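Structure first, then comments.
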Amino acid sequence: MVEFIAYLIAGIATGAIYALAAIGFTLVWQTSQTINFAQGEFVMLPAILVLLAIKVLGAPVWLGALIGIAAFILIFGVGFKLFVVDPMIRHGVLPLAIATMALSIIMKEGAKDGFSAEAQTFPSFVPSQTIQVFGASISLQHLAIIAVAFAVIFLLQWFVGGTRLGRQMQATAQNPTVARILGIPVERMVLLTFAINAALAVVASVLISPIYLAKFSNGEVIGLFAFIAAIVGGFNQVRGALVGGLIVGIVDSMAAAYVSSSYRLAVPLVLLVVIILLKPEGLMGRKEERRV
Amino acid sequence: MTAPATRETLPQTRSLPLPGFIDGTLLTLLAGAVILWFAPVGMGRYGTYVLSLWLVTSIAVMGLNLTLGYAGLKSLAQAAFMGLGAYLTAILTTKYGVSWYVCFALSGLLTFAVGLVLGFPALRVKAHYLAFVTLAFSTLIWLIMRNEQWLTGGVFGISNINRPDFFGIKLFNALEFHRFVVVITFILAVVLWWMIRSPWGRAFTALRENPIRAASLGVDTRLYTLLAFAIGSAYAGFAGALYAPLVEFIDPSPFSLSQSFFLLLMVVAGGSGYLLGPFIGALLGVVLPEWLRFAGSLYLIIFAAIVMLLLIACPQGMSGLMERAYAKLTGKGAGR
């Protein structure tokens, strides 16, 4: 039981990271029909950029973090929208999906060639200690991840549902034509979505890198689990991505502990197939209608 | 100047277009096969190997072209399917002494069957779910290749894979095996050419252009997309069965998820939906870096960047670019 609690906390912590990535993924999907196959690399790269800024510029950690994060949001939030999605979307959704695969290769190989092929330590903002709760030793880092990730997600929920700007964004996602008629600057809203996606990726990256180290290949697993989380939770909802992320994180953590450490990846994959077979619209999702 | 076969001259009368009808694509394939039969003479072992590798990759890309270019589905497991074929062939030939020809057929059958099993639940829902299911499958296969040491040799792989013989003639020599690869590639390409031109294949194209319209015209979309995916996967299995004896050593790395992405980029670079596109795509993806002696991951970056530019400028890839250039040239001629 004591062990179980520790694994549960670890699962919720990694699940919160997957949820952040999955939420960004669904937001971008909703507003621009972009399936971003580079989503995992989006979570991998900010940490690399931060380390690069610290190393190359010789900047202190806080300045390096600021520069790396700003550069990432500028290039992969705004730049991604303007220079990849915009020119590509007129050819259709399929070429765009393939372009994001090409982007994922560029990001991954670029991080390997331009920075390092080895895993690098990443500065943590909380001490790597454990505390005792009911006899279970729980890592402070896991607790910090859960706290920050949930704070960010609730902030986002409040922004989307409770502010004028957020509701305009929601309207854009639901029906861009009507939104435009109502005078909402649709283009700017879509751009905002991409910036938010990049910002969420940054949060996920900064949270997870102290534990898993910063490595060019980190994106593979994170990306895969973010996709699974989005599908398990339901493709068209932020809430769904949150639930999906947590489920995948917990399942992954339990699988590592109780099934097999070399096949821990396989268990969430089975979950994916079961969901697609039984409830393809996801646990929280609504059925989408087909239009001609 | 008009091509011998324009779209108007193709009647929909016979259900079986016999090979008495020859078009430019088939002639190009034939000419290519003859050239490649003689090309490596004096090229040395390595040059010959690169050419064979090009053809083997082309087979996998051809299959993916059927899935992506004709049926409009994203499969992210083409390299994993290739791995399935390669490992099946390697294990059965080295450990159990099974004939390569049997393994070749089994590789195709196995990947076809796995394609059906994966495609059925995914395509029941929505086409882009196939991308996620194949993504998951790709990871799973890679895990098995790496972890099940007793079967796959883990990261050390399987070595000393024998090359097959052809009616008693041993194909140990690089040149002889290359010619064997040329013949098989040619046969597989012609089969695909025939499939796409058959009424059955035209239903694919209808599907890609407008799935809902195709459905309303009585095309069983689910069955057709499923079959396109399964056949495309079987081509990867065939490619894998050839890859194992060509390299004579396999390990999990050429069958990873990144490689599946890379194969997709080759389809797009060559021109998805063009029968000859895969050969161009594989040429750019496999042969060019070998000839230019580029480091692996740097070339990957350059290749991916080129594909992105191509997608912006001309989503039909190199084949589309050539078609445009040709149309411009002939268009000028007609204008005068």
Inset, instruction - Might you check whether a residue that is at positive phi and open to solvent by 40 Å² or more (accessible area, probe 1.4 Å) occurs anywhere in region A:126-133? - result: no
Inset, instruction - Look through region A:81-102, keep the residues that are among the aliphatic types (A, V, I, L, M) and open to solvent by 20 Å² or more (accessible area, probe 1.4 Å), and return whichever of them is nearest to A:L192 (Cα to Cα). - result: A:L82
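Do the conditions hold for B:A105, that is, is it open to solvent by 40 Å² or more (accessible area, probe 1.4 Å), more than 9 Å from chain A (Cβ to nearest Cβ) and under 19 Å from the mean Cα position of the chain (by Cα)? Let's see the steps before the verdict.
Details: open to solvent by 40 Å² or more (accessible area, probe 1.4 Å): yes; more than 9 Å from chain A (Cβ to nearest Cβ): yes; under 19 Å from the mean Cα position of the chain (by Cα): yes.
Taking the combined requirement at face value, the residue satisfies it.
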Inset, instruction - Taking A:T31 as the residue in question, decide whether it is among the polar types (S, T, N, Q), touching a helix residue (DSSP H, G or I) at 6+ places or on another chain (Cβ under 8 Å), within 11 Å of another protein chain (Cβ to nearest Cβ) and assigned to a helix (DSSP H, G or I). - result: no
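Condition check ((1) open to solvent by 20 Å² or more (accessible area, probe 1.4 Å); (2) in contact (Cβ under 8 Å) with a residue 24 or more places away in the chain) across all residues:
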{"site": "B:L130", "(1), (2)": "no, yes"}
{"site": "B:A136", "(1), (2)": "no, no"}
{"site": "B:I144", "(1), (2)": "yes, no"}
{"site": "B:F156", "(1), (2)": "yes, yes"}
{"site": "B:P164", "(1), (2)": "no, yes"}
{"site": "B:K170", "(1), (2)": "yes, no"}
{"site": "B:F177", "(1), (2)": "no, yes"}
Legend entry - Selection within region A:55-80 - within 14 Å of chain B (Cβ to nearest Cβ) and open to solvent by less than 10 Å² (accessible area, probe 1.4 Å): A:F80
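When you scan region B:244-255, do you find a residue that is under 12 Å from the mean Cα position of the chain (by Cα), under 23 Å from B:L288 (Cα atoms) and part of a helix (DSSP H, G or I), even just one? Spell out how you get there, then give the answer.
Pass one, region B:244-255, residues under 12 Å from the mean Cα position of the chain (by Cα): none.
No, there is no match, as no residue in region B:244-255 is under 12 Å from the mean Cα position of the chain (by Cα), under 23 Å from B:L288 (Cα atoms) and part of a helix (DSSP H, G or I).
Go through region B:77-102 and count every residue that is on the phi < 0 side of the Ramachandran plot and either surrounded by fewer than 24 Cβ atoms within 10 Å (Cβ to Cβ) or aromatic (F, W, Y) (or both). It would help to see each step written out before you state the result.
In the first step, residues of region B:77-102 are kept if they are on the phi < 0 side of the Ramachandran plot; the result is B:77-96, B:98-102.
The next check asks that each one be either surrounded by fewer than 24 Cβ atoms within 10 Å (Cβ to Cβ) or aromatic (F, W, Y) (or both); those that pass are B:81, B:87-88, B:91-96, B:98-102.
Residues that pass the stated criteria total 14.
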Legend entry - Count of region A:233-264 residues which are surrounded by 20 or more Cβ atoms within 10 Å (Cβ to Cβ) and part of a loop (DSSP other than H, G, I, E, B): 4
Legend entry - Among (1) closer than 22 Å to A:V148 by Cα; (2) open to solvent by less than 10 Å² (accessible area, probe 1.4 Å), the one test that A:V203 misses: (2)
Inset, instruction - Can you run down the residue pairs with Cβ atoms below 7 Å, 6 or more apart or on separate chains, where the first is in region B:286-305 and within 14 Å of chain A (Cβ to nearest Cβ) and among the acidic types (D, E) and the partner is open to solvent by 60 Å² or more (accessible area, probe 1.4 Å) and not in a helix (DSSP H, G or I)? - result: none
Inset, instruction - Within region B:205-246, count every residue that is touching a residue at least 12 places away in the same chain (Cβ under 8 Å), open to solvent by 20 Å² or more (accessible area, probe 1.4 Å) and away from chain A (no Cβ under 14 Å). - result: 8
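The values are calculated or read from the model by the stated rules, or taken from the named source; none is laboratory data. These figures come from a predicted structure and were not determined experimentally. Note that each Cβ is placed from the backbone with ideal geometry, even for glycine, and that neighbours are counted across all protein chains shown. Note: areas computed on protein heavy atoms with side chains; ligands, DNA, RNA excluded. Shrake-Rupley method; radii C 1.70, N 1.55, O 1.52, S 1.80 Å.
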